[in-house]
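Presented below is the structure to which this report refers.
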Amino acid sequence: MLDALRKWMVQRHRMKSEAQRERIKHLLLEFQMGRWSWIADLPSRLFFGTDLKMLATIYGTDKWNRHWYAQHYEEVLHRFRRRQTNLLEIGIGGGEAPRKGGNSLRMWRAYFPKGHIFGIDIYDKSAHDGRRIRTFRGSQADPEFLNSVVNEIGRIDVIIDDGSHMNAHITTTFQHLFPSLADGGIYAIEDTQTSYWAEYGGNEIDHNDNATAMGFFKSLADGMNWSEFRNGYKPNYLDLHIESIAFYHNLIVIRKRLHEEPPPFANEAASEA
């Protein structure tokens, strides 16, 4: 039934003219950002609180109906839903316009009823600050800025990189922020198709190039098996703290290990077999 309702809403919206759609989007945005935003969030949480695809449709984020990320986020984030989750999203959207964007921040606020939602953008998006939402202005490529954000937030349970999509930014931001992610936390990178686009620093020929997001994260998969290496390899921080890496279409999700597992005695077991 929810799938049918979602499709009906999308179809009705697409039947309207571009001017009508923009007017509806503007009215919804103003209502969701105003002092009565809780009225907009309440029915969304009551009727569709666990359905992230529906919430993405209601709040107009491209994590559904354009990209197809919501179904995967439901799978990996449901255990955080009723917790006092701190979520940081890089990239708020809307370009230079102060009041544009913020759709996914409000979607996350509805999905995490006890959560606090934080956003980073290179433009001033403080117009979106409000009940359980706070924004920071700065570049994801600036380590000092990222440190200041981490210090302000404290514990971070979920980090989502929907920022510049520049490959160098994606990898350096991950290496800087992943150590600050709480044990058991989730780090997601969206729109990884830019790994194959030269204008974003991608490589159109060598798809395993470690300078690209896809190449970099594919290389980390071996590190999860470091204890099986036979060449005296010394594990680094990422080897020891990545529990899993999941690759979806244009989306990567990394789960941070709850605690360091003792390495299995793989070599001895193999020799006994």
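The values are calculated or read from the model by the stated rules, or taken from the named source; none is laboratory data. Just so it is clear, the structure is predicted and the values come from calculations on it, not from any experiment. Please note: Cβ atoms are built from the backbone with ideal geometry, for glycine as well, and neighbour counts cover all protein chains shown.
Structure notes:
- Output for the range 151-160, where each listed residue is hydrophobic (A, V, I, L, M, F, W, C) and surrounded by 19 or more Cβ atoms within 10 Å (Cβ to Cβ): ILE156, VAL158, ILE159, ILE160
- Residues in the range 202-217 that are among the aliphatic types (A, V, I, L, M) and without any contact (Cβ under 8 Å) to a residue 12 or more places away in the chain: ILE205 alone.
- The residue pairs whose first member lies in the range 99-111 and is under 13 Å from ASP121 (Cβ atoms), whose second member is aliphatic (A, V, I, L, M), and whose beta carbons are closer than 6 Å, counting only pairs six or more residues apart or on different chains, are ARG99/ALA127; GLY101/ILE92; GLY102/ILE92; LEU105/ILE117; LEU105/ILE133.
- Some residue of the range 78-85 being polar (S, T, N, Q) and in contact (Cβ under 8 Å) with a residue 24 or more places away in the chain: yes
- Any hit, the range 148-162, residues being more than 15 Å from the chain's Cα centre (by Cα) and part of a loop (DSSP other than H, G, I, E, B): yes
- The set of residues in the range 226-238 being more than 25 Å from SER180 (Cβ to Cβ), in a loop (DSSP other than H, G, I, E, B) and not basic (Lys, Arg) consists of PHE229, ASN231, GLY232, TYR233.
- Matching entry among ALA182, ALA221, ALA213 (being buried (at least 21 other Cβ atoms within 10 Å of the Cβ), over 19 Å from SER104 (Cβ atoms) and touching a strand residue (DSSP E or B) at 6+ places or on another chain (Cβ under 9 Å)): ALA213
Here is a yes/no grid of residues against (1) assigned to a loop (DSSP other than H, G, I, E, B); (2) modelled with pLDDT under 95; (3) under 21 Å from ILE90 (Cβ atoms):
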| site | (1), (2), (3) |
| --- | --- |
| ALA211 | yes, no, yes |
| PHE217 | no, no, yes |
| LEU258 | yes, yes, no |
| ALA270 | no, yes, no |
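- From the list GLY101, GLY163, the lone residue that is modelled with pLDDT of 95 or more and surrounded by fewer than 24 Cβ atoms within 10 Å (Cβ to Cβ) is GLY163.
- Residue that is part of a strand (DSSP E or B), touching a Lys or Arg at 6+ places or on another chain (Cβ under 9 Å), at pLDDT 95 or above and of a type in the set (A, V, I, L, M), where the choices are ILE92, ILE117: ILE117
- Of the numbered criteria (1) acidic (Asp, Glu); (2) closer than 15 Å to ILE160 by Cα; (3) assigned to a loop (DSSP other than H, G, I, E, B), the one ASP124 fails is (2).
- Candidate set from the range 120-133 (those that are surrounded by 23 or more Cβ atoms within 10 Å (Cβ to Cβ) and farther than 18 Å from LEU177 by Cα); member that is modelled with the highest pLDDT: LYS125
- If the condition is being touching a helix residue (DSSP H, G or I) at 6+ places or on another chain (Cβ under 8 Å) and not in a loop (DSSP other than H, G, I, E, B), then the range 69-89 contributes ALA70, GLN71, TYR73, GLU74, LEU77, ASN86, LEU87, LEU88, GLU89.
- Candidates PHE136, PHE145, filtered to the one that is modelled with pLDDT of 95 or more and buried (at least 17 other Cβ atoms within 10 Å of the Cβ): PHE136
- Any hit, the range 71-84, residues being at pLDDT below 95, surrounded by fewer than 17 Cβ atoms within 10 Å (Cβ to Cβ) and over 20 Å from ARG255 (Cα atoms): no
- Filter result for ALA168 (more than 16 Å from the chain's Cα centre (by Cα), within 16 Å of GLY93 (Cβ to Cβ) and either assigned to a strand (DSSP E or B) or in contact (Cβ under 8 Å) with a residue 40 or more places away in the chain (or both)): no
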